[in-house]
Amino acid sequence: MSVPVLLSIAGFDPSCGAGVAADLKTFAVHDCYGVAAITALTVQSTQGVRAVHAVAPQVLRAQLEALAEDVTIAAVKIGMLANQANAAVVAEFLDRCGCPRVVLDPVLQASQGGLELLDAAGLDFLREQLLKRATVVTPNLQEAEALTGVNVRDVNGMKAAAQKLVEMGARAALVKGGHLERPVDVLCDGHEIATFSGEVVKNVHRHGSGCSFSSALAAQLALGRSLADAIPLAKAFVAKAIEHGFAIGKGPGPVNPFYRFRLDAASRLTRTDLHTMHPSAEPTYR
């Protein structure tokens with residue numbers, strides 16, 4: 001059986017909790033095959049990001065060209081870009097490849113320590129050029145505020161920011177409110193605004209949750225679902241991945257995209273058994 005090939009364009013996290021590592025794991029558990037183009041090498045662990053070394057734009061371009069010549073890409077997930085030069089390469093690639101499904105996760109700052117993950121020129125380019133090339137942009141509260149200038153502190157602010165992102169050129173904007181007291185995401189698709197409630201998951205081991213959500217969303221879109229149907233499935237998947245997140249070092253550990261595989265040995269009999277933990281997140285082929 002052929003499977004959708006999904007492309008992650010993001011940075012590399014040596015602790016493998018976020019970035020392309022999180023994306024590839026998430027693609028795999030959705031029965032998709034992941035390929036990746038690296039935008040930056042980071043020096044980081046569970047204790048935070050220490051340094052960022054951007055990949056030269058010509059190297060990023062060569063990675064993307066090699067993949068585009070070889071495989072048919074069903075969806076693209078864009079994460080950390082590091083700088084304006086790499087953002088421009090990605091925009092050129094999107095124009096050439098014509099991929100119908102592009103999820104843009106605007107990674108601007110490290111969650112621990114606040115280290116800059118996209119320079120000022122890159123942020124301007126993202127606003128002016130990349131937004132209009134994405135199927136959906138998925139900022140968190142801080143990222144939505146940085147992109148739009150709107151004060152985003154509650155659901156009303158999220159709605160205003162989502163509308164502003166669409167006015168700025170995005171086809172759809174999903175502002176994530178996972179850190180609110182009552183988690184809720186707000187979607188604006190240019191026609192209406194919808195809210196998606198979530199469950200509170202109390203686990204400090206949630207590194208890579210944003211990357212896993214956007215890559216799960218890309219996988220669900222590649223599997224043929226509409227944006228409105230894909231969002232709750234991606235949210236349910238990430239909630240379970242956070243619930244089963246685990247400690248691997250001295251800081252907050254990663255989410256666990258493979259939570260469905262952590263069964264007792266007696267239950268590990270067939271592939272069907274492995275995929276009965278969370279039926280609503282199961283992919284289907286078309």
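The values are calculated or read from the model by the stated rules, or taken from the named source; none is laboratory data. Since the model is a prediction, treat every value here as computed from it, not as a measurement. Counting neighbours? That spans all protein chains shown, and the Cβs are built from the backbone with ideal geometry, glycine included.
Results, tabulated for the structure shown:
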{"item": "First in the range 30-51 and farther than 15 Å from residue 8 by Cβ and without any contact (Cβ under 8 Å) to a residue 40 or more places away in the chain, second anywhere and assigned to a strand (DSSP E or B) and of a type in the set (Lys, Arg), Cβ under 9 Å, 6 or more apart", "result": "43/50"}
{"item": "Residue count for the range 174-197, restricted to those that are over 17 Å from the mean Cα position of the chain (by Cα) and small (Gly, Ala, Ser)", "result": "3"}
{"item": "Hits in the range 164-196 (condition: within 19 Å of residue 107 (Cβ to Cβ) and among the β-branched types (Val, Ile, Thr))", "result": "175"}
{"item": "Selected residue (only one of 216, 162 is touching a helix residue (DSSP H, G or I) at 6+ places or on another chain (Cβ under 9 Å), touching a residue at least 40 places away in the same chain (Cβ under 8 Å) and surrounded by 19 or more Cβ atoms within 10 Å (Cβ to Cβ))", "result": "216"}
{"item": "Complete set of residues in the range 129-144 that are in contact with a Gly (Cβ under 8 Å, 6 or more places away or on another chain) and either surrounded by fewer than 19 Cβ atoms within 10 Å (Cβ to Cβ) or without any contact (Cβ under 8 Å) to a residue 24 or more places away in the chain (or both)", "result": "132"}
{"item": "Candidates 36, 18, filtered to the one that is within 17 Å of residue 104 (Cβ to Cβ) and buried (at least 24 other Cβ atoms within 10 Å of the Cβ)", "result": "18"}
{"item": "Matching residues in the range 1-28 - criterion: being among the aliphatic types (A, V, I, L, M) and modelled with pLDDT of 95 or more", "result": "5, 6, 7, 9, 10, 18, 20, 21, 22, 24, 28"}
